[in-house]
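Engineer: One structure coming up, written as structure tokens, with questions to follow.
Bear in mind these aren't lab numbers, they're just calculated from the coordinates by the rules spelled out. A quick note: this is a predicted structure, and the numbers were derived from the prediction, not measured. Glycine also receives a Cβ, built like all others from the backbone with ideal geometry; neighbour counts cover every protein chain displayed.
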Amino acid sequence: MRAQCVESHPGWPRAVIGRLASEVRRVRRRTWLVRHGNKVVTGLALLAVVALGVGLRATLGPTTEPAPAASPTAITKVDLTDPFRGTPATYWPDGEAGLVVPPAAAIGTFSAEQVAEAYAKARTAVVAARLDRRVVEGHDVEPLLGLFALDDQEGLRPLFAGGRDDEAGLVATRIAPGTALLPVQPKVSGKMTIEAKSAGELVVHTDYVFAYAFSTDDVGKLNGPMDIVAVTRIQYDYIMRSGPTFRAESQGMWSGPSTEHSYSIGCAASREGFLAPSFTEPRSTHVSTLVDGKPDDYFDPSKPMPTINTCPG
């Protein structure tokens, strides 16, 4: 992953390229809880995703392709009525339209109907966790937590009781107190796939990039649209459990392993588990104009999850 596609560009001074490299604001590579019945097991970032076990995987349906970014000279001012213009997310679908459910087909011992139901539940959870303004802006997580199995809710609720917001930030996106989103839907790009695991378990793997546009009263101090656009990529597994293997309270959807990377954000807010735009932190050099016409890797869910962390501390 590059810092805003930091590459050679005709006519761009070396100092500007250097400042662009410092624009990468944050990567958080953490793995959430892998639960089996009432046991809680933790693991390392991507290893935990692999550690779900070897199963039968099916990759189905279309993927939202990243659109090309605008040239660096295309946008010189921020337009709060069209905040994504001039960023790689310009032509992405708005909100839920970016969450395309693949066609359902039988996999392993699961019927096409069961697969379709698993996809639908996972999509509903992604909408609640990343797009529902009651959750994202209002910090009311009940629309999300109520979707999980009763046994899983017991482990999830304490994360939102205070003191564990950093962990909670993986389960649901919440903007930092004192910030506000513009009245436009976030842009969304990515895909979901499904895997048949052990008896009674279907795992929906989701991998989406979300771009959020924040409000500001001082547009004149902004250098470009990325000053108000915060980007977060979430790989999150939703585990569907059913059948006699699981007791009634454990049947339903469970929160699985997750990994996150955020970019062009406020680092202080990120360390607390909240999302904020980069303009919320003073910087001596603040350049956020995109350098090339190519899609930036930070916005491309088809690329490997970035591993760079340039937020200090």
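Engineer: For a quick check: sort H139, H205 by the number of other beta carbons within 10 angstrom, fewest at the front. Numbers along the way, then the final one.
Structural biologist: Numbers: H139 15, H205 20.
Least crowded to most crowded, the residues run H139, H205.
Engineer: So, with +1 on the Cβ of K and R and -1 on the Cβ of D and E, and no other charges, what is the size of the charge dipole of segment 75-167 about its Cα centre, to the nearest 20 debye?
Structural biologist: Numbers: 9 positive and 16 negative charges, 63 e Å.
Approximately 300 debye in magnitude.
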